[in-house]
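Only one structure is covered here, and it is reproduced in the block below.
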Amino acid sequence: MTFKRHLIKRIATAFLALFVALTINFLIFRVFAPVQDPTDLIAAPDFPEEEKERLRSMWGLDKPLYEQYLIYMYNLATWQYGVTFETPPQPIAPEMSWRLANSLSILLVSTVLSIIIGISLGVFAASKRGTKLDVFTTSIGLFSWGTPTFFIQILFILLFSYYLGIFPAVGVVEARPHSGFLDLFLDVAYHAAGPIITLTVAGFGFWAMYTRNLMVDVLTEDYIMTAEAKGAKERTVLFSHAFRGMLPQVVTVIVNHFPSILAGSVITEMLFSWPGIGLWYLEALIAGNHPVTQAITYNYMFLVVVGFLLLDIVYGFLDPRIRVGVRR
Amino acid sequence: MSIFSEEKRIIYVRKIKGFWDEYRRNRIGISGLALLAFFVIIAVFGPYIAPYPATRPPIVASKFVMPEWMSIFPQYEDLPRTMELSVSKMETVQTSPLVQVFYGENITLSYKGKTLGDVGVVQLTLNFTYPYKSPNEFKFSLSYTAENISKTIYNFKVTLIDANGAEWELLDRTNTMNVTFGRLTISSTSASFRRKIAANMTVNPAKVLFANKGNYSLSLGITFQPISENAQGTITIKDGTLTIYGSLHGVLGTDFFGHDVLSKILYGAQMSIIVGILTAALSTSLAVVFGTIAGYFGGMVDEVIMRIVDVILCVPLFVILLVLSHNYELNIYIIMFLLSFFWWPGPSRTIRSKILSLKESAFIESAKAAGGTKFYIIRRHLIPNILPLAMAALVLFVPAGILMEASLSFLGFGDPNVLTWGRTLSDARATGAFSALAWWYVVPPGLAITFLCLSFVFVGHALDSIVNPRLRRRK
């Protein structure tokens, strides 16, 4: 199987996965949901029936189900998402873009930080294998890995926001005029510090443990012994020889980790009142604002599927066996 | 038992012993095992050692009060503990010969009057020492039944004499003879009582009444006022108590409702552990079954299973669980099943590729040549060889399951009928334990989840370094 065929197959699978999940996403909300028609929730008895009809037609709920399905698919495919189930209905797309930016900013920064910290700690522990330093680093890594993220965040908020009052636990910026871009940026960074620090603290352990175990494995390979024997520096051996050897696996795990990173954003954003898509998702879910929930699920899935696809492409370049067409 | 199986048994025992010898040397592994044993003991015996029941727990102190051992700090030393004073311990101080007082399980007062002027008066008094700072709240409650009441009205009066000798009337109720049972209650938090005791609404009556340490006396006066000749009546007083709610309680303080937090934590252990173990067991079994089938049979079967795996892996599990839980109110077992359904694809991939490589190996070829059926080969040769992989997955899935359930419950999307640590945390957040700075309510369930997960992570780490030969220590 050549790389090209492999890639085509993966793209087809990715689209199949998206299609299946989006269909389920549609069925859950439009067919099997306890409340499918938000106009049923309008409690006012004197709410005019023609007004309800107008709302239904605006939301497209008066059309047959298959047509609704097609409209739903079209809306998602064009990234316009339709309108919210609110009165008056709001377009979803503009809010989605700034919320997505909010979410991705903390997720990206914290993920990158935890990967950098984790991988360096892991490499360090593996190179000091069997010593007290190794046990110490490994223990810290295991602690970070085993502690629930939301518990670290609760402790952080309890300690730094409620007891000490150092970091804010609410929002993105303070409600005051900002004197310029730098001022605004610093204010945002100050508010983002809590989520980013806690996500990093909770996240690096996994990478540290994974890298350490892989590295320990790689360091027993013959080519490492060769490199050591020819007198290469320890740094060179660790990073140029050993780390390169395990890069494909590390990349795999990074991408495989994508869904859980995204899922973690829901609780993080709720705890820190960070107006990203995770918080929006919770609010929309509780309020029965189905188009928003569907749109966010779609974005989550899209990011995951695209991540897996990118992984395959990167993997192809990193792993020569795939590039030259050897069956895995 | 044949000689053959006896031999096999010895080999197995030796294998397990060797394994244990190696495990014992791993310090992280041993601490993980010790932690795990601790949690299992709590899960099994928690309901028996918990000081209070799980359903309809009693109010044991004020809301959000600190643990009792905080009194080692001087500033908390004198904070009140919960005091319960029972009316049945009251002494009869002053009684007119017209009323007879009988002490038994309940206190019975029997009155008989001849003329219109025969007013029957009884005063029951309880002297007690109040040794703490003033409390936040107290409650008095008493229920009574009146029998054979005729031609008299009767009156209850509750008074408190405080440490300075001032007398406070807490309650005054007069009943006609038609009333045959009733309940007297005083709550220091009620608005009417506040109006009665304090000049303005910002003053806490409990602080006014129990302002100082010292000797107090609580009395219950009962007066029979005849309205005609030959009046009579019997009153029985049941379970009357004055409860002064403490500001320190137990090992882990109280929650928003004044319930014991320690009991909640002890009851939560069981389900928190079961969720993890059942989810891990089910998802690992599914992974072994489907991984083996896909790997061994190959072809169309393999293709179909692996495409299903690809699709499931793309589904954002957590958000889907939130939706399902919100729409259909899932119970805990369905949540476990869903978790397993979404998790088996991960390890099934590695198991499949292991089976693929095993299939080509010589010993499988010879087993086939010797006439082993497919099922026999899978059972005897393939499954034992993928057990280490399955075990690694199992040990990883347990903490993952615990965490997932805790996260769901924490957001309020768990099973509302099951008490887990995640739900305890969620309750804490929802009732404002953060702004009350009630760390004794927030930290213990979180720590419990953390250490439960850590115990499995530690055990998994130790197993990994034993089973995986390349991770073994170089000698």
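Assorted remarks:
- Basic side chains Lys and Arg get +1 at the Cβ, acidic Asp and Glu get -1 at the Cβ, and with that the dipole of the protein assembly as shown about its Cα centre reaches some 3360 debye.
- Spin-label model, B:THR176 to B:ILE41: label points 7 Å out along the Cα-to-beta-carbon direction sit 6.5 nm apart.
- Relative packing of B:135-143, A:4-12, A:94-102, A:135-143, which averages over residues the other C-beta atoms within 10 Å, highest first: B:135-143, A:135-143, A:94-102, A:4-12
- Axis angle, to the nearest 10 degrees, between helix B:261-297 and the longest C-alpha principal axis of chain B: 20 degrees.
- Cα-centre dipole for the stretch B:83-245 with unit charges at Cβ (Lys and Arg positive, Asp and Glu negative), debye to 20: 360
- Cα-centred dipole magnitude for chain A, charges only on beta-carbon of K, R (+1) and D, E (-1), debye, nearest 20: 1900
- Residue-by-residue Karplus 3J(HN,Hα) for the stretch A:70-78, coefficients 6.51, -1.76, 1.60, Hz, glycine and proline x: 5, 4, 4, 5, 5, 4, 5, 5, 9
- Counting only other chain Cβ atoms within 10 Å of each residue's Cβ, the peptide B:443-455 averages 4.
- The length gained by stretching the chain between A:PHE32 and A:ILE71 to full extension, at 0.36 nm per residue less their Cα-Cα distance, is 12.2 nm.
- Non-local lysine pairs in the stretch B:83-245, meaning eight or more places apart or on different chains, with alpha-carbon distances under 25 Å, amount to 27.
- Distance from the alpha carbon centroid of the stretch A:282-302 to that of the stretch B:357-396 works out to 44 angstrom.
- At an R0 of 45 angstrom, the distance between the Cβ atoms of A:VAL306 and B:PHE73 translates into a FRET efficiency of 0.20.
- Across the stretch B:40-54, rounded Karplus estimates of 3J(HN,Hα) from the backbone phi angles (6.51 cos²θ - 1.76 cosθ + 1.60, θ = phi - 60°) give 5, 4, 4, 5, 6, 9, x, x, 7, 8, 5, x, 10, x, 7 Hz, Gly and Pro being marked x.
- Using a probe of 1.4 angstrom and keeping all protein chains present, the accessible surface of chain B works out to 48 square angstrom per residue.
- Farthest toward positive dipole pole in the protein assembly as shown [+1 Lys/Arg, -1 Asp/Glu at C-beta], among B:TYR23, B:TRP421, B:GLN75: B:TYR23
- Over chain B, relative contact order from alpha-carbon pairs under 8 Å, at least 6 apart, %: 21
- Extreme residue, positive dipole direction of the protein assembly as shown, given options A:LEU18, B:LEU218, B:GLY120 (C-beta unit charges): A:LEU18
- Helix axis angle, B:345-359 relative to chain B longest principal axis, alpha carbon, degrees: 30
- If you plug the beta carbon distance of B:ALA34 and A:LEU159 into 1/(1 + (r/R0)^6) with R0 = 25 Å, you get a FRET efficiency near 0.30.
- Put a dot 7 Å past the Cα of B:ARG307, heading toward its Cβ, do the same for B:GLU167, and the two dots end up 9.2 nm apart.
- Computed packing ranks the peptides A:123-132, B:400-409 as B:400-409, A:123-132, most packed first, by mean other Cβ atoms within 10 Å.
- Averaged over peptide B:405-414, the number of partner chain Cβ atoms lying within 10 Å of each residue's Cβ comes to 3.
- Here the stretch B:83-245 is described by how far its Cα atoms reach on the three principal axes: 49, 29, 25 Å, from widest to narrowest.
- Using the Cβ of B:THR243 as centre and a radius below 13 Å, the other residues enclosed give a net charge of -1, where K and R count +1 and D and E count -1.
- Highest-MSF residue in chain A out of A:GLY276, A:GLY122, A:GLY231 [GNM, Cα springs under 10 Å]: A:GLY231
- For the peptides B:338-350, A:199-211, the ranking by mean Cβ contacts within 10 Å, running from highest to lowest, is A:199-211, B:338-350.
- Annotation: aspartates and glutamates with alpha-carbon distance below 14 angstrom to A:LYS128 (same-chain offsets under eight excluded): A:ASP217, A:GLU234.
- Debye intensity ratio I(q)/I(0), log10, the protein assembly as shown, q values 0.07, 0.08 Å⁻¹ (C-alpha model): -0.71, -0.86
- Acute angle (nearest 10 degrees) that the helix B:317-328 long axis makes with the longest principal axis of chain B, alpha-carbon atoms: 50
- Rg in Å to one decimal, and Dmax rounded to a whole Å, for chain B via C-alpha atoms: 34.2, 115
- Selection from B:SER86, B:TYR245, B:THR202, by position along the positive dipole direction of the stretch B:83-245 (Cβ): B:THR202
- Entry note, the stretch B:83-245: relative contact order of 41 percent, from Cα contacts under 8 Å with a spacing of 6+ residues.
- Between B:GLU365 and B:TYR48, full extension at 0.36 nm per residue minus the direct alpha carbon distance yields a gain of 108.5 nm.
- Sequence-distant contacts, meaning Cα pairs under 8 Å at least 6 residues apart, place the relative contact order of chain A at 27 percent.
- In order through the stretch B:407-417: 3J(HN,Hα) via Karplus (6.51 cos²θ - 1.76 cosθ + 1.60), integer Hz, x for Gly, Pro: 5, 4, 4, 4, 7, x, 10, x, 6, x, 8
The values are calculated or read from the model by the stated rules, or taken from the named source; none is laboratory data. As the structure is a prediction and not an experimental result, all values here were calculated from the model. Virtual Cβ from ideal backbone geometry, glycine too; neighbours counted across all protein chains shown. For the accessible areas, the whole protein counts, side chains as well, though only heavy atoms, and no ligand, DNA or RNA atoms are used. Shrake-Rupley method; radii C 1.70, N 1.55, O 1.52, S 1.80 Å.
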